[in-house]
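The structure appears right after this line, and notes come after that.
FYI, it's all coordinate maths here, none of it is from the lab. Quantities reported herein were computed from a predicted structural model and do not represent experimental measurements. Cβ: placed from backbone, ideal geometry, glycine included. Neighbour counts: every protein chain shown.
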Amino acid sequence: MVLLQEVIAQARKGYENARVHAGVLVSALLFSSLAALQGCAGLVPQTSALLEGLPEGLPPSVELTGVPFFPQLENECGPASLATVLTAAGASTTPEALVPEVYLPARKGSLQVEMLAATRRHGLVSYQLEPSFVDVMREVASGTPVVVLQNLGGFWDEWHYAVVVGYDYPFGQLVLRSGITEREQMPFGVSEFVWKRGGYWAMVATPPDRIPVTAREDKWLNSLVAFERLNDPRSNRTAYGAFLKRWPDNVNAAVGLANAHYALGELPQAEQVLRAALARAPDSSIVLNNLAQTLSDQGRDREALSYIEKAASKALPDGGPYADAVRETRDGILKKLAAKKN
Amino acid sequence: MKSVWTRTICRLLVALMIWTPCYIAQAGMITTESVATPQAQMNGDRATVLSFLQRSDVSNKLQSLGIDPSTAKTRVAALSDAEAATFAKQIQSAPAGASDDWAWVLLVIVIAAGVWWFFFRK
């Protein structure tokens, strides 16, 4: 009896294992045979790599059922996809409202750069993902839907934006909000193929205090710099504060946080952040200049002078990008000191 | 009739073999946007002037593509300097998330010509 049970259990295990990989296999087989036919083995390289196993830290299947669905109007997959991720991140908008922000009538579509830019107009940070299928899965697993650019044409180009809201590794499928389909299931191989032809372009939109799990330090900083110019100091303070919690050593992010404090009139906080940054980068003319200005605004011009002189000794001789700003700050401080003497 | 079909399939396969490498090659043609620009290393004033010129260039291009001036202005304002610098170059050629109608027309013509060639031509 025991023996028989073991045999059955083994058989069942084998069957389940087979089923688990069937979905990935089917798409991989389809495309590997296609690839072999064309003498081009790397047709869907990332799907092939996924066949070796589910990367660590990822659940076998995820679906963000709470992500809304906006069926696209003609050619307006850009506004529809963007509305999907913006709404999921907490903004209140519609595809119709986004048409004047991203749609180009003469091109009958939306440019990637404007998808990223329009996101910031809704108080959210946009981030372009690395060209990695696993990164898309990681974002979805962390609860963030991902906009992907696909090229669905045959011999021609047919660009399309869709939103990845889930995946099922055992069945080898992505789940997307796409065009007029609320729940499109697409095999990994096909998904990668059309996404690869879209230049592996993918983006996410998140609130300023929520850094995407796959974000890289330098790229996320660029995202915040772009976000900063369109948003109020309060959001910027939140954004740079969250950045420094994740990457505490980043001096540029500290400058960003200090500037947000400064804009809000929180001079002691700005000073504190800049002093901490100065401990990490004692020669940064940017930190020195901003600290001097912050001190000067608090009426501590004598203290400010020593910092701005140091900044000037760094920035002025090489005529670098910050020479003008440093000169201006020093002139201001000297003028105030002269006025005090008289 | 059998030879007609054999010939059709052979020609179709030949045509497909000619075409496939072409459309695969296109996949690599779209470049991922670069965010770093030389502007960051420039002196403040020059960077401002350059940024202004690039932004007005982008604004003009948007208007030429059917966007009214005030909308174009707010759309340009949403771009970072780095994006504004690459935008002008991309606007005509970058994928815009839309289909190409002419490709469909061309495909229909090619299929119609094929049908005529094999079934109606004497």
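Annotations
- Derived scalar couplings ³J(HN,Hα) [the range B:57-74; Karplus, 6.51 cos²θ - 1.76 cosθ + 1.60; whole Hz; x for Gly, Pro]: 4, 4, 4, 4, 5, 4, 5, 5, 9, x, 9, 6, x, 6, 5, 4, 4, 5
- 22 Å Cα-Cα threshold exceeded, pairs from A:Lys219/A:Lys245; A:Lys314/A:Lys340; A:Lys310/A:Lys335; A:Lys310/A:Lys336; A:Lys314/A:Lys341: A:Lys314/A:Lys340; A:Lys314/A:Lys341
- Inter-probe distance in nm under a simple model that places probes 7 Å from Cα toward Cβ, at A:Leu316 and A:Glu63: 6.8
- For the range A:125-173, the mean projected area of the C-alpha convex hull, equal to one quarter of the hull surface, is 4.3 nm².
- Average other protein chain Cβ within 10 Å of Cβ, residues B:73-83: 6
- The range A:251-315: Cα Rg divided by the 2.2 N^0.38 Å rule of thumb: 0.98
- Helical segments meeting 15 Å axial Cα length and Kyte-Doolittle -0.5 threshold in chain A (DSSP H): A:2-38, A:77-88, A:217-228, A:251-263, A:267-280, A:285-297
- Among A:Pro79, A:Pro105, A:Pro233, the residue with the largest mean-square fluctuation in a Gaussian network model of chain A, with springs joining Cα atoms closer than 10 Å, is A:Pro105.
- When each of the peptides A:197-209, A:326-338 is scored by how many other beta carbons lie within 10 Å of its residues on average, the order from highest to lowest is A:197-209, A:326-338.
- Scattering profile of the range A:206-342 at q = 0.14 Å⁻¹ [log10 I(q)/I(0), Debye over alpha-carbon scatterers]: -0.65
- Residues within the reach of a label modelled at A:Val213 (point 7 angstrom out along Cα to beta-carbon, backbone nitrogen below 13 Å), restricted to the range A:147-169, are A:166-167.
- By definition, a body whose alpha carbon gyration tensor gives a ≥ b ≥ c is oblate when a/c is 1.5 or more and a/b is not larger than b/c, and the range A:203-282 fits this oblate description.
- Neighbour counts of C-beta atoms inside 10 Å place A:Tyr161, A:Tyr240 in the sequence A:Tyr240, A:Tyr161, starting with the fewest.
- By the equivalent-ellipsoid construction on the alpha carbon gyration tensor, chain A comes out with semi-axes of 51, 24, 18 Å, ordered largest to smallest.
- Each of A:Thr238, B:Thr86 was scored by other Cβ atoms within 10 Å of its Cβ. Listed from fewest to most, they are A:Thr238, B:Thr86.
- The smallest convex shape that holds all Cα atoms of the range A:37-115, its convex hull, gives 186 Å³ per residue.
- Summarised as an ellipsoid, the range A:62-218 has semi-axes of 20, 19, 15 Å, derived from the eigenvalues of the Cα gyration tensor scaled by 5 and square-rooted, with the largest first.
- Inter-site label distance for A:Arg246 and B:Trp117 at 7 Å from Cα along Cβ, in nm: 5.5
- Mean sequence separation of contacting Cα pairs (under 8 Å, at least six apart), scaled by the length of the range A:165-250, corresponds to a relative contact order of 17 percent.
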